[in-house]
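A short write-up of the structure that comes next.
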Amino acid sequence: MNRRPVTNIEHFFKDEEIIVSKTDKKGVITYANDVFINICGYTEQELIGTQHNIVRHAYMPRCVFKLLWDTVQKGQEIFAYVINRCKNGDHYWVFAHVTPSFDDKGNIIGYHSTRRVPNREILNEVIIPLYKMLLEEEQKYKNPKEAMMAGEKMLFNILKEQNLEYDEFIFLTLNK
């Protein structure tokens, strides 16, 4: 579990702003735009060369990150709602689009993420309750791998009950 302080104070960015970052294949930040730097509270020097999970929030289910990484490492894009932690413990929500970056031979060389302001109604009605359930499931286990697998199983069972794949679920929430 992330033991860094959490303040429960939310930060917001403007609808027209886009948070952008790039990482290498291992998730080390190679680029961070000004919007990212401003909202998270880290300097560019603190971000570049650091694992992207520097902004991982303790309330973000690990199983969602597993799904994200599993997807992009297969060379596919993914959309996901993410709660991130600022340097001072505050947080901000994003609707993230993460894509692999390829070299001229088709090999993955890193990842590119753009994050937009999420729909507040979707967050409140769908995502926050879902993430709370997933996190509660993960917290039942002391072993981090078992916790992540239990959360993943719960997520896939919820999707199966709705007869949806993850990407279908995300895009249905957008159209509410």
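The values are calculated or read from the model by the stated rules, or taken from the named source; none is laboratory data. Small disclaimer: the values here were computed from a predicted structure and weren't measured. Glycine gets a Cβ as well: all are built from the backbone with ideal geometry, and neighbour counts include every protein chain shown.
Okay, residues lined up against (1) closer than 14 Å to Ser113 by Cα; (2) at pLDDT 95 or above; (3) assigned to a loop (DSSP other than H, G, I, E, B):
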{"position": "Met1", "(1), (2), (3)": "no, no, yes"}
{"position": "Phe12", "(1), (2), (3)": "no, yes, yes"}
{"position": "Lys22", "(1), (2), (3)": "yes, yes, no"}
{"position": "Thr30", "(1), (2), (3)": "yes, yes, no"}
{"position": "Thr71", "(1), (2), (3)": "yes, yes, no"}
{"position": "Gln76", "(1), (2), (3)": "yes, yes, yes"}
{"position": "Phe79", "(1), (2), (3)": "yes, yes, no"}
{"position": "Val82", "(1), (2), (3)": "yes, yes, no"}
{"position": "Ala96", "(1), (2), (3)": "yes, yes, no"}
### Task
Select from the stretch 98-121 the residues that are part of a strand (DSSP E or B) and among the small types (Gly, Ala, Ser) and write down the one among them that is farthest from Gln51 (Cα to Cα).
Ser101
### Task
Please indicate, with yes or no, whether at least one residue in the stretch 152-171 is assigned to a strand (DSSP E or B) and touching a strand residue (DSSP E or B) at 6+ places or on another chain (Cβ under 9 Å).
no
### Task
Only residues that are among the hydrophobic types (A, V, I, L, M, F, W, C) and at pLDDT below 95: list them for the stretch 110-122, please.
Ile122
## Note on the structure
Contact list, first residue from the stretch 46-71 and over 16 Å from Leu130 (Cα atoms) and in contact (Cβ under 8 Å) with a residue 24 or more places away in the chain, second anywhere and in a loop (DSSP other than H, G, I, E, B) and among the hydrophobic types (A, V, I, L, M, F, W, C), beta-carbon distance below 9 Å, six or more apart or interchain, is Val55/Cys86
### Task
For the stretch 136-176, enumerate the residues that are in contact (Cβ under 8 Å) with a residue 24 or more places away in the chain and loosely packed, with under 11 Cβ neighbours inside 10 Å.
Lys176
### Task
Kindly indicate which of Phe65, Phe36 is surrounded by 15 or more Cβ atoms within 10 Å (Cβ to Cβ), in contact with a strand residue (DSSP E or B) (Cβ under 6 Å, 6 or more places away or on another chain) and not hydroxyl-bearing (Ser, Thr, Tyr).
Phe36
### Query
Taking the stretch 38-69, which residues are in contact with a helix residue (DSSP H, G or I) (Cβ under 9 Å, 6 or more places away or on another chain), assigned to a helix (DSSP H, G or I) and among the hydrophobic types (A, V, I, L, M, F, W, C)?
Cys40, Leu47, Ile54, Val55, Cys63, Val64, Phe65, Leu67
### Query
Asn53 is checked against (1) surrounded by 17 or more Cβ atoms within 10 Å (Cβ to Cβ); (2) within 26 Å of Gln139 (Cα to Cα) and fails just one. What number does that condition carry?
(1)
